[in-house]
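Novice: This is the structure I have questions about; it appears just below.
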Amino acid sequence: MNLALMGAIEQGLLFGILALGVYLTFRILNVPDLTVDGSFALGGAMAAKMIIDGYNPFVATAAAFVVGCLAGAFTGVLHTKGKVNALLAGILTMIALYSINLRIMGKANLPLLREDTLFTYTKDLGIPNLVVGGITWLTGAAMVFIVGILILKLIIDWFLHTDLGLDLRATGDNPKMIRSFGVNTDSTTIIGLALSNGLVAVSGAWLAQYQGFADVGMGIGMIVIGLASVIVGEVLFGSSSIFRVTLAVIGGSIVYRLVIALALQAGLNPSDLKLITALIVIVALTVPTIAKGIFKKQAVRTVKGGSDRA
Amino acid sequence: MLNISGVNKVFNAGTVNEKIALNNVRLQVKSGEFITVIGSNGAGKSTLMNIISGGMLPDSGTVTIDGKNVTRLGEHQRANLIGRVFQDPMAGTAPNMTIEENLAIALARGKKRTLGFGVNNQKRELFREQLKLLDQGLENRLKTKVGFLSGGQRQALSLLMATFTEPKILLLDEHTAALDPKRAQLIVDLTEKIVERHKLTTIMVTHNMDQALNMGNRLLMLHDGGIILDIPDEKKRTMKAQDLLKAFEAARGGEAFSEDRFLLT
Ligand SMILES: Nc1ncnc2c1ncn2[C@@H]1O[C@H](COP(=O)(O)OP(=O)(O)O)[C@@H](O)[C@H]1O
Ligand SMILES: [Mg+2]
């Protein structure tokens, strides 16, 4: 594979963390959360600033997770306690974060040129590229990324099967029912939004280290990219169980990056990318619904469920 | 066990749509009582159930459960005391989660949530044992998503989930109304079996007069937000649906009972 496609796989993997975060809110909690654009850049800003200040990149990335959680929790409190519509709550946090991110960075762009980062550590490991039949399939860095994100995926799988995780899932699935079993759905919603944005911030932190800079605009459009990854992943790789769907979401992120890379190679103008992304999401969202409509008309019996998940 | 005194609930107070749903309701329920509740549409039956469960808070009055004043506690804060089954079979279970996951949520009712596995082999054993009581073969389908079950099966599961942790009070709000007669009968039988097994203090709203007379050991009739009839077990045993109608008319001073939703057969 050529360089661009190998880069696309690396990016797909690190944006896969973003996709896992978006999956937690969009699918598990059933809440559309627009905090993401802000918390992604927040993660990048926080990690870059701390690395420049001399902190270990692992510590900086962990700090990004923590502040991402705080941002998500803020949206959650606004939505549940302040009764602000979920979309609006997310937008408000996102806008506020833009100023906060500028404060953290001190300027609009922070380069990490000669700093040690998770990415330089990865390259220092010296893992050779995976070459089969004379074709380079995976870079050494990509293989490290795969291990990292699979560990993260397994942690999320585990969490969603704990008592607390079951409550979170039921909050998105049937809030009335889970309240009747003694669960405060405000708390579960806040926890879910916090974890989701923590993951998103880690993704931003990782991207800043990968590309060697943080930028105040690096979060723009991330929510749509996250949604695209979730939806494309589910359509292509299935969503029959948690274990499967978290894998599918990561796969969706990689496929998305590959499609973008191929489109660019085919001569597409980079400024059209956001339009393409929006189109991918629109198609992925509407096609299953339309297909289902046709299917329903043909089918005599249908399975009845509670909240419908296309 | 349950003590309700002076409870009022008004919807849309001060507007043209003002509706007094509960008017100075007083009710004492002893431990082990199984009360059936009837009343025309809009009489305030569901509102009463919601006031007990905490889904709604009363405008005035107090609610005490097992000696504890719960009047101002939210639904989730008193859920450890109350088991509930709703009319809608979709309402009591999470459709995109498996049978065993739903049961695990029910098992954790009122307990502090931890990061331990929600379902483990020990719990599975308990779930299988409990599901066998339903006679629906669900004990072999622990990993099936609940959304794939029939309405009757979901309602049976809801009933199990509401009861197997032995709540202080079981609230059933027309929980057979959405089912076809055969499935409804199955749920009725299960209800009696489970209530008997755990000796649960139960309040069951029904629109079926025969159900109200044949089940339980005390019968209440609600009308316009008040309890107008409170029939003890001995008297209830001797009554037929026609007697209930007469009793209603007497209590209302001659007003005829007009409610075609009531089933007289
Ligand atoms: N959330 C609400 N808002 C406004 N009015 C309500 C609400 N819930 C119930 N009501 C009204 O209160 C009265 C009692 O309702 P309900 O308790 O549901 O009656 P039922 O005996 O049929 O269960 C009805 O007139 C109903 O329209
Ligand atoms: Mg009702």
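The values are calculated or read from the model by the stated rules, or taken from the named source; none is laboratory data. Only a predicted model underlies this, so the values are computations on that prediction, with no experimental measurement involved. In this analysis, Cβ positions are derived from the backbone assuming ideal geometry, glycine residues included, and neighbour counts consider all displayed protein chains. Calculation scope for accessible area: heavy atoms of the full protein, side chains included, ligands and nucleic acids excluded. Shrake-Rupley method; radii C 1.70, N 1.55, O 1.52, S 1.80 Å.
Novice: Name the residues in the range B:4-48 that are more than 10 Å from ligand 1 (Cβ to nearest atom) and surrounded by 16 or more Cβ atoms within 10 Å (Cβ to Cβ), would you?
Specialist: Listed by number, the residues that qualify are B:Ile4, B:Val7, B:Asn8, B:Val25, B:Leu27, B:Val29, B:Glu33, B:Phe34, B:Ile35, B:Thr36.
Novice: Here's another thing I want to ask about it. Mind listing whichever residues of the range B:96-116 are modelled with pLDDT of 90 or more and either in contact with a Ser or Thr (Cβ under 7 Å, 6 or more places away or on another chain) or over 19 Å from B:Gln153 (Cβ atoms) (or both)? Walk me through how you get there before you give the answer.
Specialist: Initially, the range B:96-116 is screened for residues modelled with pLDDT of 90 or more, giving B:96-108.
Result: B:Thr98, B:Ile99, B:Asn102, B:Ala106, B:Leu107, B:Ala108.
Novice: Okay, next question. If you check every pair at least six apart or on different chains, which have Cβ atoms under 7 Å apart with a residue in the range B:99-116 that is more than 7 Å from chain A (Cβ to nearest Cβ) first and a residue that is open to solvent by 20 Å² or more (accessible area, probe 1.4 Å) and in a loop (DSSP other than H, G, I, E, B) second?
Specialist: Final answer for the pair search is B:Ile99/B:Arg141; B:Ile99/B:Thr144; B:Glu100/B:Val119; B:Glu100/B:Lys143; B:Leu107/B:Thr165.
Novice: Strands (runs of 3 or more DSSP E) wholly in the range B:20-102 with at least 2 residues that are within 16 Å of ligand 2 (Cβ to nearest atom) and touching a helix residue (DSSP H, G or I) at 6+ places or on another chain (Cβ under 6 Å) - which ones? Break it down into steps so the answer makes sense when it comes.
Specialist: Working: elements: B:34-39, B:60-65, B:82-85.
Result: B:34-39, B:82-85.
For every residue, the table says whether it meets (1) open to solvent by 10 Å² or more (accessible area, probe 1.4 Å); (2) aliphatic (A, V, I, L, M).
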| site | (1), (2) |
| --- | --- |
| A:Leu34 | yes, yes |
| A:Gly38 | no, no |
| A:Ala45 | no, yes |
| A:Ile51 | no, yes |
| A:Leu70 | yes, yes |
| A:His79 | yes, no |
| A:Leu88 | yes, yes |
| A:Thr93 | no, no |
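Novice: I would also like to ask the following. Can you tell me which residue among A:Val131, A:Val183 is free of Cβ contacts under 8 Å to residues at least 24 places away in the same chain and surrounded by fewer than 24 Cβ atoms within 10 Å (Cβ to Cβ)? Quick ask: steps written out before the conclusion?
Specialist: Numbers: A:Val183 fails: surrounded by fewer than 24 Cβ atoms within 10 Å (Cβ to Cβ).
Only one candidate qualifies: A:Val131.
Novice: Search the range B:69-86 for residues being in contact (Cβ under 8 Å) with a residue 24 or more places away in the chain and within 14 Å of B:Pro167 (Cα to Cα), and hand back the single one that is nearest to the other protein chains (Cβ to nearest Cβ). Before you say what the answer is, go through the steps one by one.
Specialist: First, the residues of the range B:69-86 that are in contact (Cβ under 8 Å) with a residue 24 or more places away in the chain: B:78-86.
Those left that are additionally within 14 Å of B:Pro167 (Cα to Cα): B:78-85.
Details: B:Arg78: 8, B:Ala79: 3, B:Asn80: 6, B:Leu81: 9, B:Ile82: 8, B:Gly83: 8, B:Arg84: 5, B:Val85: 9 Å.
So the residue we want is B:Ala79.
Novice: Condition test on B:Val63, is it in contact (Cβ under 8 Å) with a residue 12 or more places away in the chain, within 16 Å of ligand 1 (Cβ to nearest atom) and open to solvent by less than 20 Å² (accessible area, probe 1.4 Å)? Show your work before the answer.
Specialist: Numbers: in contact (Cβ under 8 Å) with a residue 12 or more places away in the chain: yes; within 16 Å of ligand 1 (Cβ to nearest atom): yes; open to solvent by less than 20 Å² (accessible area, probe 1.4 Å): yes.
In short, yes.
Novice: Any idea which of (1) among the β-branched types (Val, Ile, Thr); (2) more than 14 Å from chain A (Cβ to nearest Cβ); (3) under 21 Å from B:Ile231 (Cβ atoms) is the one B:Ile51 doesn't satisfy?
Specialist: (3)
Novice: Tell me, which residue of the range B:165-188 that is closer than 17 Å to B:Arg78 by Cα and open to solvent by less than 30 Å² (accessible area, probe 1.4 Å) is farthest from ligand 1 (Cβ to nearest atom)? Full working, then the answer.
Specialist: Going residue by residue through the range B:165-188, those that are closer than 17 Å to B:Arg78 by Cα are B:165-172.
Still in the running and open to solvent by less than 30 Å² (accessible area, probe 1.4 Å): B:167, B:169-172.
Numbers: B:Pro167: 21, B:Ile169: 18, B:Leu170: 17, B:Leu171: 12, B:Leu172: 13 Å.
The qualifying residue farthest from ligand 1 (Cβ to nearest atom) is B:Pro167.
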